[in-house]
1. Carbon and sulfur together cover what percent of the accessible area of region 32-113 at a 1.4 Å probe radius?
2. Hey, what do the phi angles of region 135-148 turn into as Karplus ³J(HN,Hα) couplings, whole Hz, using 6.51/-1.76/1.60 and θ = phi - 60°, x for Gly and Pro?
3. Expected output is a single nm value to one decimal: the length gained when fully extending between Glu127 and Asp140, i.e. 0.36 nm times separation in residues minus the C-alpha distance. What is it?
4. Calculate the spin-label point distance for Thr48 paired with Glu200, positioning each point 7 Å from the Cα along the beta-carbon direction, and give it in nanometres.
5. Using a 10 angstrom cutoff on alpha carbons, build the Gaussian network for the chain and name the most mobile of Ala95, Ala33, Ala65.
6. When DSSP beta bridges are limited to those with both residues in the chain, what percentage is antiparallel, rounded to the nearest 5?
7. Normalised by the residues of the chain, what does the relative contact order come to in percent, with Cα pairs under 8 Å and at least six apart?
8. With 25 Å as the cut-off, how large is the P(r) tail for region 117-263, expressed as percent of Cα-Cα pairs?
Amino acid sequence: MGTSHPITDAAAKAVDSAAPNLPTPPSRIHKPALFLDLDGVLAPLAETPEAVVPHPRRSRVLRQALARFDGRVAIVSGRTIAEIDRISDGVLDAASGVHGLERRRSDGSLHRLEPAEGVRAAVDAFEAFARERPGVIVEDKAVSAGLHFRQAREAGDEAMALARRLAERTGLVMQPGNLVVELKTPGTDKGTAITAFMDEPPFAGAVPVMLGDDLTDEYGFRAADELGGFGVLVGPARATAARYGLPDVDAVLDWLETLQEVA
């Protein structure tokens, strides 16, 4: 059974097309609820997943935002919640990992989908692929399998082709990212995670603002827009559902430090 991924598929075709620079997001928002991707947004991209480590400024900015906005801050990432906690110093209670397959509510309760049967086969196939290609890294997240080729970019086309074949065979969702491809258990994405948070305290009734850099964040941008908020694309301009833009991680932290809630 084939899989489709309409938002990321469409975005992937448009990445290289000309796109205007987006305006800077407002510094004053009525009751904002912040949903923040991690890699490329709160932390610079690194050669390997484990190379991203906690940083004092990031932790301080997140703590300040939590206090300023009455707890309405969550990290929404492709990483596991355990990795989110490691990199963010465990600052946040609310977090969504593995594209919504793991979600921890603000009260600390955890919801996790069971892994699809095909995940184990995908991990095994990715590991066999990586053994023959130095620099390729496999990430086993239990509910998904990631194949990183940032250190072996020449293997990118082969990696994507392998992922497509496995997606067709297993029914897993193929999710391309920045020099990585992931095969995940179906059923969630960053948009469904944001929608679920917005039905719960302390987020309910607030204005959702999603900050992301990758194609997978397009789901979050659309969800925020549909719920009365907006998305902020971090990094180079491209075709996107985000309404605003920021150039890099430092600009994100600067904006979070100055963001104010207005009545």
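1. Numbers: 1550 of 2910 Å².
Heavy-atom surface of region 32-113 belonging to carbon and sulfur, 1.4 Å probe: 53 percent.
2. Values, residue by residue: x, 7, 10, 9, 10, 9, 9, 6, 9, 7, 10, x, 10, 9 Hz.
3. Values: separation 13, 0.36 × 13 = 4.68 nm, distance 0.97 nm.
So the extension gain works out to 3.7 nm.
4. Each label point lies 7 Å from its Cα, and together they span 3.4 nm.
5. Ala65
6. Details: 19 of 40 bridges.
Roughly 50 percent of the DSSP beta bridges within the chain come out antiparallel.
7. Values: 552 pairs, mean separation 71.2, N = 263.
After rounding, I find 27 percent.
8. Numbers: 4417 of 10731 pairs.
It works out to 41 percent of all Cα pairs.
The values are calculated or read from the model by the stated rules, or taken from the named source; none is laboratory data. The shown structure was predicted, so the numbers you read here are calculated from the model rather than taken from an experiment. So basically every Cβ, Gly included, is an ideal-geometry build from the backbone, and we count neighbours across all protein chains shown. Note: areas computed on protein heavy atoms with side chains; ligands, DNA, RNA excluded. Shrake-Rupley method; radii C 1.70, N 1.55, O 1.52, S 1.80 Å.
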